[in-house]
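Data first, discussion second: the structure below is written as structure tokens.
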Amino acid sequence: MTPSAAADEDGPATKGRSRRNFAGARPVMDDVAKLAGVSKQTVSRVLNDNPAVRAETREAVQAAMRTLGYRPSRSARSLASGRTRMLGVISFDAARYGPASTLTAINTAAQEAGYLVSSIALDTADRDTVVQAADRLSAEGADGMIAIAPQLRVARALAEAHLDIPLVVMDNDLGDGTPVVTSDARTGARKATRHLLALGHATVRHVAGPTGWTSADRRADSWRDTLRAAGAEVHPPLVGDWSADSGYDLGGELAKDPAVTAVFVSNDQMALGVLRALHEAGRRVPQDVSVVGYDDIPEAAHFLPPLTTVRTDFTDIGTRSLHVLLDQIDAAGPPPPPLTLAPVELRVRHSTHRFTG
């Protein structure tokens, strides 16, 4: 048995052995093995988190790497483990608060798990663009992929991509058992609508997000169902595009109708526009009109008045998605659930008030 092999089995070799001078040369795995007094194979096992390595040996190898300033090559680790330690992410409308926050959370969770993230932000959701993005990430060697798919047509395109790597989709169900992680939009809209009805409003008007966006459709459906269940009148929703500008334009229409006393808006940016339109029309919030938004962006608490809104924890959604994907990659334990719903919370502030009119 060689000295290296003995050290591999019994722990690090005797301390105090002479060190080689590595000045001017980039240290390699052999240098780490010699300094730690173990075999090259043991160093490789430590790099790949092999549980068979003794704790004392692992500490000695890690200490040697720190001493030498050794940085393992990603390609070498990939060859050893059969993985690239890289994950792909496809996102849409990445400048908006929700997608941007979710992507940040994915990157943070991936880094903590020892993965890099390669992301592609798309401006259009047509089939060819989506399929090409998925194919590109797969060709780059991604171990798995997360798709932030807010529109139904994105889900359809992903279903046609026939990826051969683990996939997690946000918002939309592909219909093939692919795990889905999303916020509980129906519950959020129901809480918002019930809150306004409980304040004494006869009905609740709705400024919806764009048609075809799954979260917008779910919120609108839940708002409508909640009104019907309460026996309240259901007016056609006004459809915006997520922007404060569209909220301002639609809020101006609502402000002209003196019967409007409560408005549920499908995101906080549009709610900001609604607040301004009501103010300019002389409709006081919340004395004359109560307004509820959605998402709880950081600025919502500083609107005038501070906005009552449904809080969506985008960090939680991004982190959950990453963990569901890693569970698929590791194939450890039971398969992930087909649907993971992140909870939502109604944050009551000063833009809603009991109606006494």
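The values are calculated or read from the model by the stated rules, or taken from the named source; none is laboratory data. Not measured: the values here are computed from a predicted model. Using ideal geometry, Cβ is built from the backbone for each residue, glycine included, and neighbour counts are taken over all protein chains shown. Calculation scope for accessible area: heavy atoms of the full protein, side chains included, ligands and nucleic acids excluded. Shrake-Rupley method; radii C 1.70, N 1.55, O 1.52, S 1.80 Å.
Surface composition of the chain: carbon plus sulfur atoms hold 50% of the accessible area, using a 1.4 angstrom probe and ignoring ligands, DNA and RNA.
When you filter the GluC sites (Glu not before Pro) in the stretch 89-169 for DSSP loop state and at most 14 other Cβ atoms inside 10 Å of their Cβ, you are left with GLU140. Grab the beta carbon distance between THR129 and ALA198, set R0 = 30 Å, and tell me the FRET efficiency rounded to 0.05. It comes to 0.10. Relative to the first principal axis of the alpha-carbon coordinates of the chain, what is the inclination of helix 185-198, with its axis defined by its Cα atoms, in degrees from 0 to 90 and to the nearest 10? Here the helix axis deviates by roughly 30 degrees. Per residue, the stretch 200-299 exposes 40 Å² of solvent-accessible protein surface, assessed with a 1.4 angstrom probe and all protein chains in place. Highest mobility in the GNM of the chain, judged by mean-square fluctuation with C-alpha springs under 10 Å and restricted to SER321, SER39, SER119, is found for SER39. Close amide H partners of THR308, meaning residues 5 or more places away or on another chain with modelled amide H under 5 Å apart, are GLY293, ARG349, HIS350, SER351, THR352.
Comparing LYS40, LYS256, LYS191 in a Gaussian network model of the chain (Cα springs below 10 Å), the most mobile by mean-square fluctuation is LYS40.
Rounded to the nearest 0.05, the FRET efficiency derived from the C-beta distance between ALA52 and VAL28 at R0 = 22 Å is 0.40.
Under a Gaussian network description of the chain, with springs only between Cα atoms under 10 Å, the residue in ALA157, ALA331, ALA202 that fluctuates furthest is ALA331.
I need to check one value: relative contact order of the chain, counting alpha carbon pairs closer than 8 Å and at least 6 residues apart, in percent.
14
In the stretch 233-284, what GluC sites (Glu not before Pro) fall in a loop by DSSP, with at most 13 other Cβ atoms inside 10 Å?
Sites meeting the loop and neighbour criteria: GLU233.
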